[in-house]
Amino acid sequence: MGVEIRPATINGENQSESVNIGAPVVLGLQPFALVDHIAKVDWSLLSQIPGERGGSFPVAVEELKYILNELNAHILPSTDNESILKTIAGGSVANTIRGLAAGFGISSGIIGACGEDEEGKLFMSNMGFYKVDLSRLRLKNGTTAQCVCLVDEVGNRTMRPCLSGSVKVQADELKREDFKGSKWLVLRYAILNVEVIKVAIKIAKEEGLFVSLDLASFEMVRKFKSPLIELLESGNIDLCFANEDEATELLRGEEKADPDAALEYLAKYCKWAVVTLAQNGCIAKHEKEFVRVPAIGEAKVTDATGAGDLFASGFLYGLVRGLSLEECCRVGSCSGGSVIRSLGGEVTPENWQWMYKQMQTNGLQLPEPSKSSVVT
């Protein structure tokens, strides 16, 4: 694959000139820019997909094409006016970064690469719309990665990303200037990105950034646990997010393998450790402080895609604003609850307003209206 690297542009504007006024407070590293195809489907399609339901694990190009070809025959009819198939900028880190910029007004940027194809243009347009800094996003000759997000009748999602042959940021392309002046680096664990992650962490720590890591999926934890343990026990991860399935998988084989035990393990190596428990809220620990926070707001699960990503947006907002551990969890619960009310990992303006109402009702610090990208 021929490669040409240059700054991303939107409508001909160089993002390093048009958006990057000062370093973003929060940077996300997503080596592969990714476009999500999200649809509600019946069980018969899910039974044909390799891997376990509810997880996220890479598939080959042929498998991606097969799933996309089968979608129309298995899409469930919409019960409201919402689209039955959405195609948007995706990826866990992108969801978190977009949420921080769009709903919380925190200056955010992304490090990664996308191809000069329609998917690449869509990724840049979608992220740029929410004022995400794209000056660290490299444009390369080649294709942009894609992911199919299959949502069942009760809102559970099964994700199958296809990264084969897609462009990505390599470890040796990372520059100190990418990180200088920022406060947080947001990462998601993935075996294909381990070397990039290690180099990014090294530079980030040298530049004084805090590092956040999401454990990605129970499948990823199960199949590639050793490199993950090495990352966690390095002492360079300041904040770790895990859902209850990932937390249990992390300690599988130990005498006690449950979310509480996993939280204790993570807290030994990370300043902040958080385990989300779906409708049961979350547990978190910072040094000797432990909190258990229930879910906020009525449960209305249309699609669980992005729930953990947007929880991270709210929690990071809390840390940036100097909120207490419990308040960070409560904001995270509000933002995580906002995204599950519609299809995909992008929160709608109506659901941001739902989140602000929940935050106000619960006495939580609201973002400054002038900084939010939400259209009201």
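Some observations on this one:
- Computed 3J(HN,Hα) for segment 158-173, one whole-Hz value per residue from the Karplus formula 6.51 cos²θ - 1.76 cosθ + 1.60 where θ = phi - 60°, is 10, 10, 10, x, 10, 10, 4, x, 8, 6, 8, 7, 8, 4, 6, 8, glycine and proline marked x.
- Per-residue extension of 0.36 nm, minus the Cα-Cα distance of Arg222 and Glu254, leaves a gain of 10.2 nm for this segment.
- Residue exposure proxy: Ser125, Ser217, Ser342, ordered by other Cβ atoms within 10 angstrom of their Cβ from fewest to most, comes out as Ser125, Ser342, Ser217.
- Largest-first principal axis extents, alpha carbons of the chain, Å: 51, 48, 46
- Between the alpha-carbon centres of segment 293-357 and segment 180-253 there is a gap of 21 Å.
- Pairs exceeding a 32 Å alpha-carbon distance, out of Lys65/Lys183; Lys205/Lys285; Lys121/Lys357: Lys65/Lys183; Lys121/Lys357.
- Sorting Ile229, Ile340, Ile296 from the fewest to the most surrounding beta carbons within 10 angstrom yields Ile229, Ile296, Ile340.
- For Ser78, Ser92, order by how many other beta-carbon atoms lie within 10 Å, fewest first: Ser78, Ser92
- Estimated translational D of segment 256-376 in µm²/s (Stokes, Kirkwood radius over Cα pairs; 4 °C; 1.567 mPa s): 89
- Database remark: amide H of Gly109 closer than 5 angstrom to the amide H of Val26, Leu27, Gly28, Asp133 (H placed geometrically; neighbours at sequence offset of 5 or more, or on other chains; Pro and chain starts carry no H).
No lab work stands behind these numbers, since they all come straight from the coordinates. If you're wondering where the values come from, they're calculated on a predicted model, not measured in any experiment. Here Cβ is always computed from backbone atoms with ideal geometry, including for glycine, and neighbour counts include all displayed protein chains.
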